[in-house]
Amino acid sequence: MTSSQQRAALQRQIWQIANDVRGAVDGWDFKQYVLGTLFYRFISENFATYIEGGDDSIDYAKLDDAVITPEIKDDAIKTKGYFIYPSQLFATIVASANTNESLNTDLAGIFSAIESSANGYPSEQDIKGLFADFDTTSNRLGNTVKDKNARLADVLKGVAKLEFGDFEDSKIDLFGDAYEFLISNYAATAGKSGGEFFTPQHVSKLIAQLAMHKQTSVNKIYDPACGSGSLLLQAKRQFDDHIIEDGFFGQEINHTTYNLARMNMFLHNVNYDKFDIQLGNTLTEPHFGDEKPFDAIVSNPPYSVKWIGSDDPTLINDDRFAPAGVLAPKSKADFAFVLHALSYLSAKGRAAIVCFPGIFYRGGAEQKIRQYLVDNNYVETVISLAPNLFFGTTIAVNILVLSKHKTDTRTQFIDASGLFRKETNNNVLTDNDDEKNPGHIQQIMRVFDSKADIDHFAKAVSFDAIVANDYNLSVSSYVEARDNREVVDIAQINTELKTTVAKIDQLRKDIDAIVAEIEGEELEA
């Protein structure tokens, strides 16, 4: 089965699950149950595979819980970070889901037991609260226990039918594709902006490639506003053949997406000791100060959100913001995220950050921050993307690439606003690594690497030119848009006009002659 076939099959099956519970669970809430069940199935199968250790004579699901010794449990938790008894496995529960009259409370107990199994171990904080949004006793599932159990059984059986073999052998990102499909179908109807929680995979790939360009090894990867973790995991996929020494770090302010990010790590076989996702406000309560600097930073922070800014007099002395001499406006925190990322960036690394376009040309504090970035030669590239690439917003965003190891003082500008393929709901960046017919991502990466000037596409601009333009970093200020208007040949038009006028004059003479002839005949009569 090809990746496109797998993706289509996944979407059909998710839609079937949705139809089974339609009218009972709001689409946005339904998302949590599907993703939570997908996660429950994955960690069950992953854990059983670990215990069986490749021995075909062992079927962990058929073992009795009583045969599990404290030593086996202790060793498993130290390795995997959690423990699941045979009776608690997804396959065990789904087998009796239709007849289990206490399904909802049994599931609640299992989820609690999985989380508490890590108590007192190094993985405790990575496991704690993972199932918090999977509320099996919620009235959103139905008013009676019978209704709750029936809908939970439908979701469990639906996820059980996903037939893609081993999760790791799947040709697609099951969790990411499921999340993307659910958001694209429910974000608008739920009245919520999925875009602030999720970066589409094609955009994530571009950002990851920009951040890790030409780095054969990195110490660790960081996302200060990590959402569901899609950017961190795309970085992992880009770096599977290279060295990531200390793993993946992220911070997220939204509790639901914080849980999804941790689930996502486990789903992609990133062990608990190779990731650290923290909950909290990155701008006012930053984590990982002792972990910096990072060789690769990827981020799609929320666009133009409010923050405390100058209302907190201590922030101007914060190591992250003090060098710029000014704080980002209270009504627009965009540059606060940029300065935070810059502070966490290593001397050899890059940060690739999705930004709202307005920050590149507005005046005031934002202009002063741009001046600081340009004067210190931190801005490597600004890329303008096509509109409607993200769920929940149609704006054409930019990507800012920061570097502390530039070899000259020029800044590159790339106008990629014309690179997209139109799909049903959103535009997409194509990924076709073909020398003769490169995809959109490859076209951007090639010019990013070469720093070549290409008419109407890319230009490397001198420091003096940017200073003379009041530190404006808008791509359109430096890359001239292609004029698609029809070229008018004035000389040719004049020639054609003269010919037309001559024909009109001759036509008038002919008409006058005809009229005169007619009048002469009437007089003779």
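The values are calculated or read from the model by the stated rules, or taken from the named source; none is laboratory data. Here the structure is a predicted model, which means the values were calculated and not measured. Virtual Cβ from ideal backbone geometry, glycine too; neighbours counted across all protein chains shown. All accessible areas refer to the heavy atoms of the entire protein, side chains included, with ligands and DNA or RNA removed. Shrake-Rupley method; radii C 1.70, N 1.55, O 1.52, S 1.80 Å.
A few notes on this one:
- Residue-averaged [θ]222 nm for the chain, counting only DSSP H segments that reach four residues, each worth -39500 (n - 2.57): -13000 deg cm²/dmol
- Taken about its Cα centre, region 401-466 carries a charge dipole of about 180 debye when Lys and Arg each add +1 at the Cβ and Asp and Glu each add -1 at the Cβ.
- Oblate is the label for region 352-442, because a/c, from the alpha-carbon gyration tensor with a ≥ b ≥ c as root eigenvalues, is 1.5 or above and a/b does not exceed b/c.
- Rounded to the nearest 10 degrees, the angle from helix 440-450 to the longest Cα principal axis of the chain is 80 degrees.
- Helix 174-186 vs. the chain, principal-axis angle (Cα, 0 to 90°, nearest 10): 60
- Average projection, convex hull of the Cα set of the chain: 39.1 square nanometres.
- Net charge, Asn98 excluded, C-beta distance under 10 Å - Lys, Arg +1, Asp, Glu -1: 0
- Remark: the Cα gyration tensor places region 201-302 in the rounded category, a/c being less than 1.5.
- On Cα atoms only, tilt of 255-267 relative to the major axis of the chain in degrees: 80
- Cβ crowding within 10 Å averaged over residues, with 397-410, 429-442, 329-342 ranked highest first: 329-342, 397-410, 429-442
- Nearest-20 debye value, the chain charge dipole, Cβ charges on Lys, Arg, Asp, Glu: 900
- Pairs of Cα atoms nearer than 8 Å and 6+ residues apart set the relative contact order; for the chain it is 11 percent.
- For region 257-296, the square roots of the Cα gyration tensor eigenvalues, ordered a ≥ b ≥ c, give a/c of at least 1.5 with a/b no greater than b/c, which places it in the oblate category.
- In the chain, the portion of solvent-accessible area held by carbon and sulfur atoms comes to 49 percent [1.4 Å probe, whole percent, DNA, RNA and ligands not counted].
- Lys, Arg +1 and Asp, Glu -1 on Cβ, resulting dipole of region 376-492 about Cα centre, debye, nearest 20: 280
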